[in-house]
Amino acid sequence: MAKKNRFHCKTEAQKKVIKYNYAIKAQKKSSVKKTERIEAPYPHFRYYKKSKHPALIVGEQKGKKQDKYGKMHDIEEYKYRKVMHDDRDGRHLNETIYPNPDPRDFEPMHIAKRVRHDDKRNFAPKPLSWKYPKK
């Protein structure tokens, strides 16, 4: 059984318009810019996409991740600390930051002491304008 032609039963003018539309779609796909990651000095705040909350980024590291086929890949990761309003994370006390770096929030910010790590793609490309206060 032969493969059907995509442009069967069309006039030459219709085929030309269809090819033109496919060319425009291909050009739009190639010209779409990916948001570039903006680097910032550590520590800084970024939104963590998984939790939809900000996180304090304290550094970066190289890591390895296994894909679904069992192959290992090198990935770039951020080391981060969770940001919250509660003074405890489980049974651990959190660091209290007063005044809150978020100008819209009047409650003090609490930052977990435990450092976690995750892939850079799981964080927003732009850092937040909040400043971590010096001690």
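The values are calculated or read from the model by the stated rules, or taken from the named source; none is laboratory data. Since the model is a prediction, treat every value here as computed from it, not as a measurement. Note that each Cβ is placed from the backbone with ideal geometry, even for glycine, and that neighbours are counted across all protein chains shown. Protein only, heavy atoms only, side chains kept; ligands, DNA and RNA dropped before computing areas. Shrake-Rupley method; radii C 1.70, N 1.55, O 1.52, S 1.80 Å.
Some values worked out for this structure:
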read-out	value
Single condition ASP87 does not satisfy, out of (1) open to solvent by 50 Å² or more (accessible area, probe 1.4 Å); (2) touching a residue at least 12 places away in the same chain (Cβ under 8 Å); (3) closer than 21 Å to PRO125 by Cα; (4) not aromatic (Phe, Trp, Tyr)	(3)
Check on LYS82, of a type in the set (Lys, Arg), open to solvent by less than 100 Å² (accessible area, probe 1.4 Å) and outside any helix (DSSP H, G or I)	yes
Filter result (closer than 16 Å to ARG81 by Cα and open to solvent by 40 Å² or more (accessible area, probe 1.4 Å)) within the stretch 109-126	LYS113, ARG114, VAL115, HIS117
Candidates ASN100, ASN94, filtered to the one that is without any contact (Cβ under 8 Å) to a residue 12 or more places away in the chain, open to solvent by less than 60 Å² (accessible area, probe 1.4 Å), touching a strand residue (DSSP E or B) at 6+ places or on another chain (Cβ under 8 Å) and of a type outside the set (A, V, I, L, M, F, W, C)	ASN100
Candidate set from the stretch 36-66 (those that are part of a loop (DSSP other than H, G, I, E, B) and in contact with a strand residue (DSSP E or B) (Cβ under 6 Å, 6 or more places away or on another chain)); member that is most open to solvent (accessible area, probe 1.4 Å)	TYR42
Inter-residue pairs, beta-carbon under 6 Å, first at pLDDT below 95 and in the stretch 37-61, second of a type in the set (Asp, Glu), 6+ apart	GLN61/GLU77
Test: ARG6 is open to solvent by 70 Å² or more (accessible area, probe 1.4 Å), over 19 Å from the mean Cα position of the chain (by Cα) and either aromatic (Phe, Trp, Tyr) or at pLDDT 90 or above (or both)	no
The one condition in (1) at pLDDT 90 or above; (2) loosely packed, with under 10 Cβ neighbours inside 10 Å that LYS33 fails to fulfil	(1)
